[in-house]
Amino acid sequence: MLNRSIAPDFSKIFTIDLPAHEVVRLPGEVDFVFLPGLQQEAFKLEVVFNAGKWHEPKPGLAHFAAVLLDKGTSGKSSKEIAELLDFYGAQLEISSGYDFVSISLYGLKKFVREIFAVFIDILSDPVFSEDELELQKKIFLQNLEVNEKKNSFLASRLIRKNIFGSAHPYGNSVEKGNAEAITPGDLKNYFQSTFSLCEIYLIGNIDAGLRQWLVDQLPVLGLKKTCAKKEFAAEAGVNIQRVDNPDSIQSSIRIGMRTINREHKDYFSMLLLNHLFGGYFGSRLMKNIREEKGLTYGIYSSLNPFRNDCLFSIGADVDKTNVELTITEIRKEIESLNVSQVSENELDIAKSHLLGSIQLEMANPFSTLDKIKTIRLHQLGEGYYKNLFHAIKSATPDGLQTVAQTYLNGESLYQVAVG
C-alpha cells in the first residue's frame, strides 16, 4: 500500500528529443515541413516569407503589408473574408517581425479544402486598397500616440537605435511620417518584389491523401525561394542617453549591447550566464535590485537573437531619483561575474530552471513545431537543442566566468533612461 506520508524520490531528468517530421521539397526549392501529433481534429498551416523589417526598402512597409493581407482581394472584401473564416471556425494569425513575415491558418481538418482556398487567395491576390490602408494607418497612429507617452516604449526604441543605428532594420522604428507616406502602390510593389517564400509548415492529424492534396495546391503561390542576402552595418549612436519627463515619477532604464548569436560556439554558455544574471525570478538582478534594495518591482535581462545579429538587454522601471543607483548596482553585478566564480549551488539552480523552462516550452505540439521552425529558419542543425542541453548541463563556474569576461563587458554597454 502506498505510504503517502513519504515523499517520492526526487530526480532531475533533462533530455530533449524533437519528434520526427517530414520534409517535402516543393518547386522553387521551398520546403514543406509536416509534423504529425495532434490528437484533435485541428490543424495549423503556416507560411513564412523572407519579408520582415530586414527586407523592407523603407520603414513601415513590412508592418502594413502584413496587416493588410487579409483586408481584401480582387474577389473578396475584408468583410467577406472574415465572414468565411468565421463560418468555418477558422482563424488567421499574421506576424510581421524583424526577419520574417509569418501567416498562420488554424482550422478544423474537415474544412481544410474550403478554407485553404481563402488562404491561398489572401496570400496570392491582396489588393491593398486605399480605404483599408487609411483605416490601418489611423489605428497605427493612435496606438503610436499612446505608446509614445510610455517611458518603457521610448526607452526600448532608443536603446535599439543607439546600438544598431537609425538606418539599420534592427534599430529603426516606424515613425508618424513613415506611416503617413506609405501608399497602396508602395505595398503592392513591396509584396510583389519582396515577399519570397521561405518555408511552409503544417501540423495536425492529417492523413497522407489530404497532405498530398495540399502539396499539389501550394504551387499556386508561385513558389520561388530567394537566397539573396542584404547586408547592413550597425552604426553606434549615443552611449549614454537621458530623456527627462517632468510629468513622470518613474524612469524606464534600458541597458544593452550587441552580442554573439545562436550559431556561435559560446552562445549556449551566454544563454546560461544571462539566465543566472537576470533571466528568471531567482536571478542576481532580482535578488539585489528588487529583494535587497527594493528599487523596482521587476528587473530582467535577455538575449534577443535575430537572424543576423543578437541583442543583449537589461530593463527595469524605477523611481526617477534611483536611476543612477540602479545602474551602479547593475554594473556591480556585471563586475562580480567577471571577477568571481559563481558557486556550484547557484549554478545548479540556474541550470535546472533554464532547462526546465525549455522543456516546458515543448508542452504542446504547436510549441514543439516552433522549435523545429527555429532550427530550420536559422540553419542551426538538427542536433541544436541536444547540444544546448549538453552544454548547459556540463557548464562549470570557471567556464561561465570566462564567458562573462569575454562577452559581458560593462564598458561596452549602452544606457538609456526615460522619465
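Pairing the Cα long axis of helix 112-124 with the longest principal axis of the chain, what angle in degrees results, from 0 to 90 and rounded to the nearest 10? Between the helix axis and the principal axis of the chain, the angle is about 80 degrees. Inter-label distance, residue 94 to residue 382: 3.6 nm, where each label sits 7 Å from its Cα along the C-beta direction.
Can you give the FRET efficiency for residue 234 and residue 205, using 1/(1 + (r/R0)^6), R0 = 45 Å, r = Cβ-Cβ distance, to the nearest 0.05?
Values: r = 45 Å, r/R0 = 1.01.
Computed FRET efficiency for residue 234 and residue 205 comes out at 0.50.
Once the C-beta distance of residue 336 and residue 86 is scaled by a Förster radius of 56 Å, the resulting FRET efficiency is 0.50 to the nearest 0.05. Of the residues 398, 319, the one with the largest accessible area comes first in the ranking 398, 319, computed with a 1.4 Å probe on protein heavy atoms.
The structure-derived value of Kirkwood radius over Cα pairs in Å appears in the list (i) 23.1; (ii) 21.9; (iii) 23.9 under the label (iii).
Express the relative contact order of the range 314-419 as a whole percentage, based on alpha carbon pairs under 8 Å and six or more residues apart in sequence. Numbers along the way, then the final one.
Details: 41 pairs, mean separation 51.1, N = 106.
Value for the range 314-419: 48 percent.
Can you tell which of 298, 60, 383 shows the greatest fluctuation in a Gaussian network model of the chain with Cα springs below 10 Å? Result for the chain, Cα springs under 10 Å: 383 fluctuates most. So what's the angle, to the nearest 10 degrees on a 0 to 90 scale, between helix 384-393 and the longest Cα principal axis of the chain? Approximately 10 degrees, to the nearest 10. Among the listed pairs 76/188; 58/230; 44/373; 58/138; 293/320; 138/161, a Cα-Cα separation exceeding 22 Å is found for 138/161.
Computed FRET efficiency, Cβ-Cβ of residue 344 and residue 367, R0 25 Å: what is it to the nearest 0.05? Each step should come with its number before you reach the end.
Working: r = 31 Å, r/R0 = 1.25.
With a Förster radius of 25 Å, E is 0.20.
Note on residue 150: aspartates and glutamates with a C-alpha under 12 Å away, same-chain residues under 8 apart excluded, are 247, 317.
Backbone amide hydrogens, once placed in the peptide plane, bring residue 266 within less than 5 Å of nothing, excluding anything fewer than 5 places away on its chain.
Would you mind telling me which residue in 123, 187, 135 has the biggest mean-square fluctuation in a Gaussian network model of the chain, where springs connect alpha carbons within a distance under 10 angstrom? Taking springs between Cα atoms under 10 Å, the residue moving most is 135. For the range 48-157, the solvent-accessible area with a 1.4 angstrom probe is 45 square angstrom per residue. As a length-normalised measure over Cα pairs under 8 Å and 6 or more apart, the relative contact order of the range 74-231 settles at 19 percent. Share of carbon and sulfur in the accessible area of the chain stands at 51%, probe radius 1.4 Å. Once you reduce the range 340-414 and the range 142-178 to the center of their Cα atoms, the two points are 29 Å from each other.
Which parts of the range 32-69 would a label at residue 220 reach, counting a residue when its backbone N lies under 19 Å from a point 7 Å out along Cα-to-Cβ? What the label zone holds, given the 19 Å backbone N cut-off, is 32-33, 43-49, 69. Taking 7 Å steps out from each Cα toward its Cβ at residue 109 and residue 360 produces label points 3.1 nm apart. A 1.4 Å probe over all protein chains sorts 351, 150, 138 by accessible area into 138, 150, 351, starting with the largest.
Solvent-accessible surface of protein heavy atoms, probed at 1.4 angstrom with all chains present, puts 290, 4 in the order 4, 290, largest first. In the elastic network of the chain, a GNM with C-alpha springs shorter than 10 Å, the most mobile of 236, 316, 65 is 236.
A simple spin-label model places pseudo-atoms 7 Å from Cα toward Cβ; at residue 173 and residue 79 they are separated by 3.7 nm.
Under the criterion of Cα pairs below 8 Å and six or more residues apart, the relative contact order for the chain equals 21 percent. Dipole orientation for the chain: of the candidates 221, 140, 55, 55 has the Cα lying most toward the positive pole (charges on Cβ; Lys, Arg +1; Asp, Glu -1). Would you work out which of 380, 325, 394 lies farthest towards the positive end of the dipole of the range 295-419? Charges go on Cβ: Lys and Arg +1, Asp and Glu -1. Of 380, 325, 394, it is 380.
Helix-only arithmetic for the chain: the sum of -39500 (n - 2.57) across DSSP H runs with n ≥ 4, divided by the residue total, places the mean residue ellipticity at 222 nm at -12000 deg cm²/dmol. By how many degrees, 0 to 90 and rounded to 10, does the Cα axis of helix 344-360 deviate from the longest principal axis of the chain? Approximately 10 degrees, to the nearest 10.
The values are calculated or read from the model by the stated rules, or taken from the named source; none is laboratory data. Note that this is a predicted model, so its numbers are computed, not measured. In this analysis, Cβ positions are derived from the backbone assuming ideal geometry, glycine residues included, and neighbour counts consider all displayed protein chains. The accessibility values were calculated without ligands, DNA or RNA, using every heavy atom of the protein model including side chains. Shrake-Rupley method; radii C 1.70, N 1.55, O 1.52, S 1.80 Å.
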